[in-house]
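Since the structure comes first, as structure tokens, the remarks are kept for the end.
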Amino acid sequence: MCIRDSFGTTGLYTYDGTTWDRINSLDSAGLGAYASKLVASFPGMGLYEYDGTGWLRINTNDGAENMVAVGSILYVDFGATGLYKYDGSSWSRLVRMDASVLATFDNKLAVNFPGRGLYLYDGGWSRITKNDTAETMIGLGSMLYVEFANGLWEYNGTSFSRLTRLEVSSLATYDGKLAVNFPGHGLYEYDGSWSRITKNDAAQGMCGVGSILYVDFPGSGLYRYDGSSFQRVNTSDCENMLAAYLP
């Protein structure tokens, strides 16, 4: 497993836990991954995939606002153009509506449509709540975690239960746990109960790679957390990151 980081104008890098390698000098506007490939949106150029050896443009549209994968399928929200899926060779549009948030959950796609609600897609659409205020969400096994305007909720495939009314700034998963940053309170992990792992509440971005949690603390740099302590791995702030596998 590797983590990809965009350090703004310095380019796009991979990190294997020891070494940083720059794979592109361009500043990406968004990152995704599917089928052992990295996907990056480059303003003015389009959407590209990287297989570990070279770059290939897969779409001239550079307006990707969000990307997630379900298995070998990449789902991309191109804003007002609509929500599309890509199977590695061709594109097809699922809906013309603009999605605000995407997530992978229990081998399904979770999509929030402002004005309509939160839906699941697995070849067909089903609405799981009329609440259309999802601001961020992430799947962990058979659970979907969603921050709505009225707090952080857990969805088990049948019903929602609220975990907290606190505002959330970022979510990630690592080592089978949910990591949540609460502004004014700190960074916590949840696995059925809450525990605070640092008082620092400035986490801007987080990414889990196996049992390691990577956290960007703006102005301080990028850190790794192994379940017991934090270690800084880069002094630069990370604008965008995700976990992905390249063969």
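The values are calculated or read from the model by the stated rules, or taken from the named source; none is laboratory data. The model shown is predicted, which means the values in this text are computed figures rather than measured ones. Positions of Cβ are generated from backbone atoms using ideal geometry, with glycine treated the same way; all protein chains shown enter the neighbour counts. Just the protein is used for accessible areas: all its heavy atoms, side chains included, with ligands, DNA and RNA removed. Shrake-Rupley method; radii C 1.70, N 1.55, O 1.52, S 1.80 Å.
Structure above, values below:
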quantity: In order through segment 169-183: 3J(HN,Hα) via Karplus (6.51 cos²θ - 1.76 cosθ + 1.60), integer Hz, x for Gly, Pro; calculated: 9, 7, 10, 7, 10, 7, 6, x, 10, 9, 10, 9, 9, 10, x
quantity: Computed over segment 3-158: relative contact order in percent, which uses C-alpha pairs under 8 Å that are six or more apart; calculated: 10 percent
quantity: Measure of compaction for segment 105-222 (Cα Rg per 2.2 N^0.38 Å); calculated: 1.07
quantity: Stokes-Einstein D in µm²/s, Kirkwood radius over Cα pairs - segment 103-144 at 4 °C with 1.567 mPa s viscosity; calculated: 126 µm²/s
quantity: Cβ-defined net charge surrounding SER72, 11 Å radius [Lys, Arg +1; Asp, Glu -1]; calculated: +1
quantity: Average projection area in nm² (convex hull over Cα atoms of segment 46-120, one quarter of hull surface); calculated: 5.0 nm²
quantity: Added length on full extension, which subtracts the Cα-Cα distance from 0.36 nm per residue, SER236 to ASP51; calculated: 64.0 nm
quantity: Distant alpha-carbon pairs in segment 192-232 (separation over 13 angstrom), percent; calculated: 53 percent
quantity: For the chain, accessible area per residue (1.4 Å probe, heavy atoms of protein chains only), Å²; calculated: 45 Å²
quantity: Percentage relative contact order, segment 66-140, counting C-alpha pairs under 8 Å, at least six apart; calculated: 21 percent
quantity: Cα centroid separation - segment 78-100 against segment 116-166, whole Å; calculated: 21 Å
quantity: Distance between modelled label sites at SER211 and SER229, nm, 7 Å Cα→Cβ extension; calculated: 1.6 nm
quantity: Packing-based order for 22-30, 161-169, using average beta carbon neighbours within 10 Å, highest first; calculated: 22-30, 161-169
quantity: Residue-wise HN-Hα coupling along segment 23-39, computed from phi with Karplus coefficients 6.51, -1.76, 1.60 (Hz; x: Gly, Pro); calculated: 10, 6, 8, 7, 8, 7, 9, x, 10, x, 7, 7, 6, 6, 10, 8, 10
quantity: Residues of type aspartates and glutamates that LYS85 reaches as a straight line, Cα spacing below 20 Å, ignoring anything fewer than 8 places off in the same chain; calculated: GLU49, ASP51, ASP62, GLU65, ASP77, ASP98, ASP106, ASP122
quantity: Tail beyond 19 Å, pair distance distribution of segment 1-138 (Cα, percent); calculated: 51 percent
quantity: Two-site FRET efficiency, ASP191 against ARG22, from Cβ-Cβ distance with R₀ of 45 Å, rounded to 0.05; calculated: 0.80
quantity: Kirkwood estimate for the chain, i.e. one over the average of 1/r between Cα atoms, Å; calculated: 18.5 Å
quantity: J(HN,Hα) series, segment 228-239, from Karplus relation 6.51 cos²θ - 1.76 cosθ + 1.60, nearest Hz, glycine and proline x; calculated: 9, 8, 9, 9, 6, 10, 7, 7, 7, 6, 9, 7
quantity: Segment 36-177 - percent of accessible surface contributed by carbon and sulfur, probe 1.4 Å; calculated: 42 percent
